[in-house]
Structure formats: C-alpha cells, structure tokens
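**Q** One structure follows; several queries about it will come next.
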Amino acid sequence: MIIEGFSFFDAVYQTVTTITTAGFGEVEPLSDAGRAFTLFLIVVGIIVILYVLSCITQIAVEGELESILGRRRMHSRMRALKDHYIVCGFGRVGEEIALEFVSRDLPFVVVETNQEAIGRAERRGYLLLIGDATNDEILKAAGVERAACLLAASDSDAGNTFIVLTARALNPGLFIVSRAAYPESEPRMLRAGADRVFSPYNIAGKQMALTALHPLVVEFIDTLASRRDGAPILAEIDVSEVSGLAGRTIHDVLHQFPSIVVLGLDNAAGDLRVGPATDTVLRMGDRVILMGQESELEAIRPVRAG
C-alpha cells in the first residue's frame, strides 16, 4: 500500500500469494522497490513457515518420545515388582482399592482400558498398564506370576469372571479377590478360581445396618482397619515353611509380644475358630488373625497386615 499505492484488499492478496509462494502473478506491475520488497517477503515467509512446521514436528515427536519412554519406565518398574497387587479395573471400587493400598504403602499395578479411568490413574501417578485384563500377555506384563494378589474390580461380572479364570490359569497359587454386582455371579466366580467374592452393595447394606444397631462396634472395627496413628491394627500370620511356626503353640509364638491379641485361627481345611486357646498347636497351612501394635506384628514373619 505504501510502496505501490495498492488498495487494502489488493495489498493483502498480493502479500498472501507471495508469502505462500502460490505464484498467481502480480495484481499490478511492480516497480523495482516493489520487487525488492516482494523478494524480502518470499524469504521471510519461507523461513517463518519452516520454523512453524519444525516447532509442530518437535512438539509431536517429543510428546510421542516422552510417551514411549514413559511406557518403557512403567514396564521396567513392573518387571521389578514381586509380591505386589494387581487391580483390574479403575472404576469407583478400583479407585478405593488403590487409595487404600497407597495409604499402606503397598506396591500395585492398575490394569485398565477405559480412557477416562486411564486419565484418572495417570493423574494420580499410579503404575498403570493399558490393556485388557482377560488377555494372558497383559496379565503377564503386570507380573501375575509374581504377584501376591489380584483384584478383579471391573464393572462387568462377566469380565471379572474371565479375569479370574485367566489369572488362575497363569498362577494357580495366586490369591484372587473378585467384585460381583449380582448374587448369581458369585458361584461362577468361585468356580472360575476366585478365593473371595464381594458385592459392594451387600457390604454397604450390612455396614449401614450394623452402624444403626452397633455403632461403637463398627467404629472400633473401622479404627483397626484404617491404621490410625498409634492404634492397634489387624494382621494375619501364614503358617508356612518360611515362617517356621508349624508345630509351635500360640503361646510359644506370642508370649514375648504383650500387645498382640489372637482373634481367630483359620486352619487348612477352612474351619475358622474365634479366640483359640493359647495351647493350640499351629499346623502347616493355618492362618492366625491378630490384633496388636504394628511394630510387634512386624517382628513376626511372614505377616499380612490388615
């Protein structure tokens, strides 16, 4: 407009066709000054376009590279896990499970396919494996063969049954807990290999009823389960070859730990005795349910704290 006296529209049109190197020709014949300015526009335009393209490419490549490296770090951390927990499904139930594990500083892996749930798990910084938990390779990548427990917590009863079936085939000794929305799903999950099956609705209903009838008892149990500072906690002792407890009485094992109270004994046959006598002999496969200070419970190995 200044050099050649073009109108605003003609000047814009000439500038755009010049910068983009479209090459439609000149609106009006240009003077030497106009041609010199046009050359300047072409050089600057190409430089700007190339710079913008390089920035876009860099952002895309760095984002993809970061994603790849992040996945590799995740898989590397998973390969190093042992005696960890696998949470299959990160809905409302799965999220509560993860929060509980975090509060107890327990290692766990979340397996999920839903993008919204994946986003929530990533924002919390959880160890995450994106994939279908009914797939053998996905569970192997999550370390199912080395895990202590798998929790099938997806919103689908059919999906949880297949998860249980797959996990049991890959690790016959794995402890498996499954979520069931409907009562009729429980027998199928148990047949598929689940050790325990829970319905969130049944648990919530019983909890509310017990709170109405025995509020202090419920508060007491909640205090034990929540591991509040200074409060006693619940724990299990597994009587195994590693523990070295088989053949000893409860008194022999616990007499040096005054804060520990024996609440129950579950034998290998699945019979649960409440308040067993202190002269009871522990046998291979038994599990002792205890209440006591964490420092004393930690002195007895192996312990699964509750």
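For every residue, the table says whether it meets (1) at pLDDT 85 or above; (2) within 33 Å of the chain's Cα centre (by Cα); (3) hydrophobic (A, V, I, L, M, F, W, C).
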site: Pro258; (1), (2), (3): no, no, no
site: Leu263; (1), (2), (3): yes, yes, yes
site: Asp266; (1), (2), (3): yes, yes, no
site: Gly270; (1), (2), (3): no, yes, no
site: Gly275; (1), (2), (3): yes, no, no
site: Leu282; (1), (2), (3): yes, no, yes
site: Asp286; (1), (2), (3): yes, yes, no
site: Leu290; (1), (2), (3): yes, yes, yes
site: Glu294; (1), (2), (3): no, yes, no
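**Q** Taking segment 192-233 only, how many residues are open to solvent by less than 50 Å² (accessible area, probe 1.4 Å), in contact with a helix residue (DSSP H, G or I) (Cβ under 9 Å, 6 or more places away or on another chain) and at pLDDT 80 or above?
**A** Number satisfying all stated conditions: 7.
Residues checked against (1) of a type outside the set (Asp, Glu); (2) over 20 Å from Arg72 (Cβ atoms):
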{"site": "Gly125", "(1), (2)": "yes, no"}
{"site": "Ile130", "(1), (2)": "yes, no"}
{"site": "Glu137", "(1), (2)": "no, no"}
{"site": "Leu150", "(1), (2)": "yes, yes"}
{"site": "Ser156", "(1), (2)": "yes, yes"}
{"site": "Gly159", "(1), (2)": "yes, yes"}
{"site": "Ala167", "(1), (2)": "yes, yes"}
{"site": "Leu174", "(1), (2)": "yes, yes"}
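**Q** Would you kindly identify the strands (runs of 3 or more DSSP E) lying entirely within segment 178-277 that contain at least 2 residues that are under 20 Å from Ile289 (Cβ atoms) and among the charged types (D, E, K, R)?
**A** Per the criteria, 233-238.
**Q** Hey, another quick one. Return yes or no: is Asp252 within 30 Å of Ser103 (Cα to Cα) and either within 35 Å of the chain's Cα centre (by Cα) or not hydrophobic (A, V, I, L, M, F, W, C) (or both)?
**A** no
**Q** So, in segment 101-133, how many residues would count as being open to solvent by 50 Å² or more (accessible area, probe 1.4 Å), of a type outside the set (Val, Ile, Thr) and assigned to a helix (DSSP H, G or I)?
**A** Number satisfying all stated conditions: 6.
The values are calculated or read from the model by the stated rules, or taken from the named source; none is laboratory data. Since we're looking at a predicted model, the values are computed, not measured. Note that each Cβ is placed from the backbone with ideal geometry, even for glycine, and that neighbours are counted across all protein chains shown. All accessible areas refer to the heavy atoms of the entire protein, side chains included, with ligands and DNA or RNA removed. Shrake-Rupley method; radii C 1.70, N 1.55, O 1.52, S 1.80 Å.
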